[in-house]
1. Search the structure for amide H atoms under 5 Å from the amide H of Lys89, placed 1.01 Å from N in the peptide plane, and list their residues when 5 or more places away or on another chain.
2. Once the Cα atoms of helix 347-357 and of the chain are each reduced to a long axis, what angle between those two axes, in degrees from 0 to 90 to the nearest 10, is obtained?
3. What's the longest uninterrupted piece of the chain once you rule out the trypsin sites (Lys or Arg not before Pro) that are loop residues per DSSP with at most 15 other Cβ within 10 Å?
4. Can you tell me the dipole magnitude for the chain around its Cα centre, using point charges on the Cβ only (Lys, Arg +1; Asp, Glu -1), in Debye to the nearest 20?
5. Expressed as a whole percent, how much of the Cα-Cα distance distribution for the chain exceeds 32 Å?
6. Quick one: grab the alpha carbon gyration tensor of the range 133-174, order the square roots of its eigenvalues as a ≥ b ≥ c, and give me rounded if a/c is under 1.5, else prolate or oblate depending on whether a/b is larger than b/c.
7. To the nearest 0.05, what FRET efficiency results for Lys345 and Gln369 with a Förster distance of 30 Å applied to their C-beta separation?
8. Over the alpha carbons of the range 369-414, what is the largest minus smallest coordinate on each principal axis, giving the biggest first in Å?
Amino acid sequence: MSSFVKKGMVLGAAVMTLGSLVAGCGAATNNTQQAADNKNANNTAATGNGPVDFSKASGSIVWAAPPITNNGLRKTLVDTFNKEHPNIKVTLQNQNTNTDTNRASLTTAIGGGATTPDVYMGDVVWPAQFAHSQLAMPLDKVLPADFWNRFANGLVDGAKYQGKVYAAPFFADTAFLFYRKDLLDKAGLPVPTSWEQVQKDAQTLQNKGLVKFGYVWQGASYEGLTCDFTEILADAGGKVLDSSGKPALDSPEAKKALSFMRGLITSKVSPAAEDTFKEPESMNVFNNGDAAFLRNWSYAWTSSQNPKDSKVVGKVGVTVLPTFGGGAGYSSVGGWDLFVNPHTKNVPATLAFIDWMTGKEAQTIMAKQFSEIPTNKDVQNDPNVKKVSPIFNIVSQTKFVSRPSQNPNYAQISQALYTNVNQALSGGISVDDALKKAQQAIQSSASSGGL
């Protein structure tokens, strides 16, 4: 992928364990959460019950962040902010390049009461885990209500836990449909806008002998499958967890989604080994010229255009993921957020930094100079930003959907999901049995997560 953090988002969550979280991952009572919120409120000093006025913030703060694509991005952002805010001094604290190691170090430091880092970068699946363990400050009470309007639809929902927002979306990654435009031209086919059309066109291209496989994606038993399934499930109108946090997998919508995914394999549109594919396997098949369509993250565009790795340079197009019946479909939210240490001694300066980092200037720097997908919707829609790459030209059309990470026991929920879905994909169990088993396992994990 284009950066370690994107790899960590897809692969790192697959190896999450309870041991990597702080003690107390059992059910959180309302009293416990209220006590944590009261402590956070005290840290905001004389801010009252409303948003913090950070217009005249001053002092020093520490931002903890691992490398992003290239170390130059972090330095550019910090240097630019410090220059424009002479009363605030931001110091960068380098974090480990391994997502799980990064999470563990932050858990140890903040769980032990450390006042720094004041603000830290965290995976989009962390909000519930960190909020539940009192490692993050709720931000919707200290930032003005209109602050959240700057973000693309769907991103803030993924930062919520029990109705409160615990992180600010920083930069995004998401999935797209990559396709062989040369093959579609030969067959006289338009770019598909529905899953039904993807399957039909793939079969047409295969029957004409133009390509070996129709469509490749991520079907192995790991976190990537949770992302793929969540997208198809949302397209079918279903959810893994309902609004109250209860599992909702044993449903007609979930059956439609999983039956479609299984059907891609049984119809031979996807290879028989699809249930073992992660990002590298699907990317390699596509880059080798053996597949017409590919579901993958944004890095796939750069990979497909690299002559050292790809045989399809100049032959690839990209569009938003489709949906059942046609139109723009859902795509899993990836990327990283900004969290606030509940023990910080300088809330105003920390919030001023977050406001700037998610504002137009910083988001434009990330997009135009470093090719990171902005979370700020105005920047996403900026014509000059859209020119950066085909990905940026269409990202604003994407409908984001979060993985079922609103529970602090997300790792177990995801594992229950991808394990059973994978068994159905391989033909080991039926679609109905896979959904029932996943429902039961998720029920146990979700209940212990306090929802």
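All of the numbers you see were taken from the coordinates with simple rules; none came from a lab. Quick caveat: nothing in here was measured; it's all calculated off a predicted structure. Cβ sites come from the backbone with ideal geometry, for glycine too, and all protein chains shown count toward neighbours.
1. Sorted by chain and number, the residues that satisfy this are Gly59, Ser60, Ile61.
2. Helix 347-357 and the main axis of the chain meet at about 30 degrees.
3. Looking at the chain, 57-207 is the longest stretch - no exposed trypsin sites (Lys or Arg not before Pro) with at most 15 other Cβ atoms within 10 Å.
4. On the way: 40 positive and 36 negative charges, 102 e Å.
Approximately 500 debye in magnitude.
5. 37 percent
6. Details: a/c = 1.90, a/b = 1.25, b/c = 1.52.
Because a/c hits 1.5 or more and a/b fails to exceed b/c, the range 133-174 counts as oblate.
7. With R0 = 30 Å, the Cβ-Cβ based efficiency is 0.40.
8. Ordered largest first, the range 369-414 gives principal extents of 41, 20, 16 Å.
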